[in-house]
Amino acid sequence: DVKVTQSSRYLVKRTGEKVFLECVQDMDHENMFWYRQDPGLGLRLIYFSYDVKMKEKGDIPEGYSVSREKKERFSLILESASTNQTSMYLCASSPGTGGKRNTIYFGEGSWLTVV
Amino acid sequence: DQQVKQNSPSLSVQEGRISILNCDYTNSMFDYFLWYKKYPAEGPTFLISISSIKDKNEDGRFTVFLNKSAKHLSLHIVPSQPGDSAVYFCAASAKTGANNLFFGTGTRLTVIP
């Protein structure tokens with residue numbers, strides 16, 4: 001089974017703090033993603049990476065950055081947290097090749113509250 | 001611009017009956033479609049997928065139907081069980097371009113015992 005592990009399930013941070021959300025996958029997947037989920041808005045893509053040290057902006061990259069130094073690890077960084085970044089953050093990975101190349105597998109999510 | 005749409009935010013069904021969740025898309029380049037199930041406070045889990053070369057794919061109680069001419073897909077759950085109560089997201093990807101999925105906004109299914 002694919003395992004995508006997010007380091008923190010619940011975080012509370014203050015406005016202006018720098019926040020790191022870490023994610024590790026154990027299936028040697030090429031692609032990794034960060035989404036956020038908000039009620040009524042579905043899943044919105046923040047950033048994705050298709051290779052080590054490579055990154056692409058998704059639909060809502062403003063206020064976020066990412067880092068992928070190793071294939072299995074993808075980090076989301078909030079440089080200066082704001083209250084409108086309170087949300088559930090979901091890390092995911094996909095194989096990138098093969099018949100199910102675009103099937104995305106999600107972690108359990110990280111609930112971030114910015115106060 | 002929402003390329004994948006789920007127009008019904010919620011659906012209630014009696015236990016044992018059929019649940020039908022619908023999804024429409026606008027991009028004719030989409031060639032791979034998926035359904036995900038999400039419980040509260042958990043990440044979405046992959047449920048079933050279908051390639052554009054097929055019009056039906058079945059896995060146990062779950063069947064996905066694809067109507068390419070109408071740009072429509074649906075998920076049928078038969079029989080519905082209380083444990084199926086969750087939010088269901090449909091998603092699509094294109095053969096070319098980035099390997100990311102486009103998601104709908106989700107439909108909350110409630111199965112009433």
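Read the figures in this text as sums done on the coordinates, not as results from a lab. Please read all numbers here as calculations on a predicted model, not as lab measurements. Backbone-built Cβ (ideal geometry, glycine too); neighbour counts: all protein chains shown.
Using the Karplus equation 6.51 cos²θ - 1.76 cosθ + 1.60 (θ = phi - 60°), what ³J(HN,Hα) coupling, rounded to whole Hz, does each residue of the stretch A:90-95 give in order, writing x for Gly and Pro?
Here the 3J(HN,Hα) series is 10, 9, 8, 9, 9, x Hz.
Let's see if you can work this out: charge +1 on each Lys and Arg Cβ, -1 on each Asp and Glu Cβ, no other charges. What is the dipole magnitude of the stretch A:53-115 about its Cα centre, in debye to the nearest 20?
Magnitude of the dipole: close to 400 debye.
With the dipole of chain B worked out from charges on the C-beta (+1 for Lys and Arg, -1 for Asp and Glu) around the Cα centre, which of B:Y25, B:N100, B:Q14 lies farthest toward the positive end?
With unit charges placed on the Cβ atoms, the residue in question is B:Y25.
For chain B, give the magnitude of the charge dipole about the Cα centre (Cβ charges: +1 Lys/Arg, -1 Asp/Glu; no others), in debye to the nearest 20.
Here the size comes out at about 120 debye.
Work out the charge dipole of the stretch A:1-81 with +1 on the Cβ of Lys and Arg and -1 on the Cβ of Asp and Glu about the Cα centre, then indicate which of A:I77, A:Q6, A:V52 is farthest towards its positive end.
Final value for the positive-end residue is A:I77.
Might you report the magnitude of the Cβ-based charge dipole of the protein assembly as shown about its Cα centre, with Lys and Arg at +1 and Asp and Glu at -1, to the nearest 20 debye?
The dipole magnitude comes to about 120 debye.
Just to be sure I understand the model, the point goes 7 Å from the Cα along the line to the Cβ. What's the resulting A:S82 to B:H76 distance in nm?
Simple spin-label model gives 4.8 nm for this pair.
What's the extension gain from B:N7 to B:N27 if we count 0.36 nm per residue and subtract their Cα-Cα distance?
Contour length minus the Cα-Cα distance gives 5.5 nm.
Taking a threshold of 23 Å on the Cα-Cα distance, which of the pairs A:K18/B:K5; A:K71/A:K100; A:K55/A:K100; A:K3/B:K38; A:K18/A:K57; A:K3/A:K55 fall above it?
A:K18/B:K5
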